[in-house]
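What follows is one structure encoded as structure tokens, with my remarks underneath.
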Amino acid sequence: MKIITRFAPSPTGYLHIGNIRTALYSWLFARKNKGSFILRIENTDFQRSKKIFIKNIIDTLQWLNIDWDKGPYFQSERLNRYNNIINTMLYQGKAYKCYCSKEELEQNKQKQIINKEKIKYNGKCRNNKLLSNTNLPYTIRLKIPKNKYITFTDTLRGKILFDNNELDDFIIKRTDGVPTYNFCVVIDDWDMKITHVIRGEDHINNTPKQIHIINAIGANIPIYTHVSIITDKLGKKISKRNNNLSILKYKENGYLPIALLNYILRLGWSYKDKEIFSLEEMKKLFNLKNLSKSSSILNIKKLNWLNKYYLSQLSKSNMINYLKKFCNKNNININNGPKLNDLYKIFYKRCNTLNEINNLCLIFYKKPDYNNNLLIKNYLNIKNKVILEIFKKNLINTKIWSLDHINDLFKKILLKLNITYKTAAMTLRLAITGLENTPPINNIIYLMGKEKIIHHINDALNFIKFNI
Ligand code: GLU
Ligand code: ZN
């Protein structure tokens with residue numbers, strides 16, 4: 001049997017880590033088994049589906065290098081297919097028209113609440129043929145077999161049993177003529193010959209409904225794997241509405257696709273105690289059996305660790321290309337400072353994200369901003385003025401611009417002023433860069449060159465003068 005999986009997002013929000021995790025698992029499962037992976041856009045909720053979210057789905061998958069073999073299919077283009085099947089089901093008596101008004105359904109519901117009964121449709125139209133030729137609006141409901149159980153086996157959770165009496169004859173086509181989500185999913189999975197459905201745990205309750213539809217149309221039941229939820233640090237389930245978790249936000253913030261994939265893979269799946277997986281290893285090692293049944297917690301530190309690792313693996317030329325692109329995009333003239341080639345040495349292996357690297361790179365081309373840092377007033381003050389003045393004087397008089405010479409200068413001044421390296425370095429660092437975390441300040445001074453350094457020290461001295 002050829003394995004066929006799918007990723008079936010609804011374009012009602014930006015793809016987040018939870019969505020991509022099911023995409024990744026479905027994709028890897030297909031790749032591992034030499035199967036096929038389908039992309040399907042579930043956009044029958046016309047109110048909430050938006051073009052920008054469709055674009056976001058495609059862009060995100062492409063950025064992460066998750067490729068699909070077929071699709072994207074759009075449910076909005078398959079309405080005729082769904083409706084043809086519904087008409088056949090009506091004809092066969094597997095579904096029926098329900099003419100109950102909203103008010104009537106609401107009354108029924110209130111009665112059930114008062115009687116402490118389970119809220120469900122009372123089946124009034126199930127056997128009522130009288131109304132079938134009127135012009136009244138109607139929905140179409142599935143006729144669920146009475147007094148039976150339905151069972152399915154979930155790869156992770158084993159056998160799951162549902163009592164049919166818990167379900168009502170649910171709607172498969174709304175008054176507006178659009179088939180409902182559960183119906184479209186089943187028809188699509190059938191037409192696309194999906195063998196394995198891997199999706200979020202939040203869909204478990206839809207599964208018995210979908211199996212009833214599958215049985216009514218005589219399709220095969222796919223193998224279900226419902227993966228556990230992901231929560232934030234506080235244990236709250238992550239949601240589509242939280243834009244900060246949108247995958248492309250991670251791209252904007254300087255994460256590499258492979259680091260993110262690696263991180264997402266490990267949120268709920270493990271292989272021995274292996275932490276780092278190349279794409280090829282993921283495709284080779286992935287299986288459903290090692291998925292975790294308990295929920296997974298987002299951990300940005302872990303992601304940063306992985307990203308730092310993958311950044312340290314980038315070739316010099318790749319890294320420099322990233323920096324060049326960044327500078328171009330931000331109109332930074334790289335001729336107006338050290339060569340990117342030289343910068344590479346001091347950034348290499350010290351940053352978590354490309355953005356951190358970019359920001360560090362900026363210090364060589366832009367004026368320091370003293371208003372953005374709480375530490376500034378602890379260092380750029382009247383007490384430390386003398387440190388800046390003495391460095392300025394000595395640097396101006398320096399004839400040979402070398403790293404050794406700058407290091408000697410530091411030693412000399414520390415002795416003379418009887419201050420710690422930390423005080424001197426931090427004062428200079430904040431004066432020259434406006435930042436508290438940078439590569440070693442002696443390296444920065446050397447690379448930045450005399451003229452710029454003197455300029456920044458003057459700015460810092462002025463800042464102190466006007467901020468007393
Ligand atoms: N469209 C559904 C969603 O976005 C997924 C349906 C499925 O995987 O069966 O949650
Ligand atoms: Zn009815």
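Rule-based calculations on the coordinates, nothing more; no lab input. The shown structure was predicted, so the numbers you read here are calculated from the model rather than taken from an experiment. So basically every Cβ, Gly included, is an ideal-geometry build from the backbone, and we count neighbours across all protein chains shown.
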What are the residues whose amide H is under 5 Å from the amide H of PHE74, where those residues sit 5 or more places off or on another chain and H is modelled from the backbone? ILE41
Under 19 Å from the 7 Å Cα→Cβ point of PHE74, by amide nitrogen: which residues of the stretch 1-38? 7-15, 38
Tally Lys/Arg at +1 and Asp/Glu at -1 over every other residue whose Cβ is under 11 Å from the Cβ of ASN299; what's the total? +3
Whole-number percent relative contact order across the chain, with pairs defined as alpha carbons under 8 Å at least 6 apart: 13 percent
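How much length, in nm to one decimal, is gained on full extension between ASP404 and LEU298, taken as 0.36 nm per residue of separation minus their Cα-Cα distance?
Working: separation 106, 0.36 × 106 = 38.16 nm, distance 4.52 nm.
So the chain would gain 33.6 nm between ASP404 and LEU298.
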Could you work out the relative contact order of the stretch 189-312, using alpha carbon pairs under 8 angstrom and six or more residues apart, expressed as a whole percent? 29 percent
Given 0.36 nm per residue, what is the gain on full extension from ASN331 to THR134 after removing their alpha carbon distance, in nm? 64.1 nm
Work out from phi, with θ = phi - 60° and the Karplus expression 6.51 cos²θ - 1.76 cosθ + 1.60, the ³J(HN,Hα) of each residue of the stretch 204-209, listed in order in whole Hz, and give x for Gly and Pro. 4, 6, 7, 4, x, 4
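For SER239 and THR420, what is the calculated FRET efficiency with R₀ set at 51 Å and r taken between the beta-carbons, to the nearest 0.05?
After rounding to 0.05, the efficiency reads 0.60.
With the contact rule set at Cα under 8 Å and sequence spacing of 6 or more, what percent relative contact order holds for the stretch 11-120?
Numbers: 77 pairs, mean separation 28.8, N = 110.
Reported relative contact order: 26 percent.
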Scalar couplings 3J(HN,Hα) for the stretch 424-437 by Karplus 6.51 cos²θ - 1.76 cosθ + 1.60 (θ = phi - 60°), nearest whole Hz, x for Gly and Pro, are 5, 5, 5, 4, 5, 4, 5, 5, 8, 10, x, 10, 9, 10
In whole Hz, what ³J(HN,Hα) sequence does the stretch 323-339 give by Karplus (6.51, -1.76, 1.60; θ = phi - 60°), x for Gly and Pro? 5, 4, 4, 4, 5, 4, 4, 9, 6, 9, 7, 6, 7, 8, x, x, 6
To check you understand DSSP bridge types, tell me what percent of the beta bridges within the chain (both residues inside) are antiparallel, rounded to 5. 50 percent
Report the paramagnetic label zone for ILE52: residues of the stretch 3-37 whose backbone N is under 16 Å from a point 7 Å from Cα along the Cα-to-Cβ axis. 11-16
Which three lengths, in whole Å and largest first, does the stretch 137-264 cover when its Cα atoms are put on their principal axes? 54, 39, 32
Using a simple spin-label model with points 7 Å from Cα along the Cα→Cβ vector, what separation in nm is obtained for LYS366 and LYS116? 6.5 nm
I want the local charge near PRO208. Using Cβ-Cβ distances under 10 Å, sum +1 for each Lys or Arg and -1 for each Asp or Glu among the other residues. -1
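Can you tell me how the chain classifies by the Cα gyration tensor, rounded, prolate or oblate, using a/c under 1.5 as the rounded cut? Don't skip to the end; give the middle numbers.
Working: a/c = 3.28, a/b = 2.71, b/c = 1.21.
Taking the square roots of the gyration eigenvalues as a ≥ b ≥ c, the chain is prolate.
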Between LEU161 and ASN381, what is the label-to-label distance in nm when each label sits 7 Å out along the Cα-to-Cβ direction? 7.3 nm
Please work out whether the stretch 350-411 counts as rounded, prolate or oblate from its C-alpha gyration tensor, where a ≥ b ≥ c are the square roots of the eigenvalues and a/c under 1.5 means rounded, while otherwise a/b larger than b/c means prolate and anything else oblate? oblate
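Need one word for the stretch 76-136: rounded, prolate or oblate. Basis is the Cα gyration tensor (sqrt eigenvalues a ≥ b ≥ c); a/c below 1.5 gives rounded, then a/b vs b/c decides. Mind dumping the intermediate values first?
On the way: a/c = 2.36, a/b = 1.87, b/c = 1.26.
In terms of gyration-tensor shape, prolate.
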For HIS456, the net charge from surrounding residues (Cβ-Cβ under 13 Å; K, R +1; D, E -1) works out to +3
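Where does the chain land at 222 nm, in deg cm²/dmol rounded to the nearest 500, when only DSSP H runs of n ≥ 4 count, each adding -39500 (n - 2.57), divided by all residues? Please list the in-between numbers first.
Details: 19 runs with 216 residues, N = 468.
After summing the helix terms and dividing by residue count, I get -14000 deg cm²/dmol.
Could you calculate the contour length gain from LEU374 to ASN84, that is, 0.36 nm times the residue separation minus the distance between their Cα atoms, to one decimal place in nm? Kindly include the intermediate steps, with their values, before the conclusion.
On the way: separation 290, 0.36 × 290 = 104.40 nm, distance 6.66 nm.
Length gained between LEU374 and ASN84: 97.7 nm.
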For helix 403-417, report the angle its Cα long axis makes with the longest principal axis of the Cα atoms of the chain; keep it between 0 and 90° and round to the nearest 10°. 70 degrees
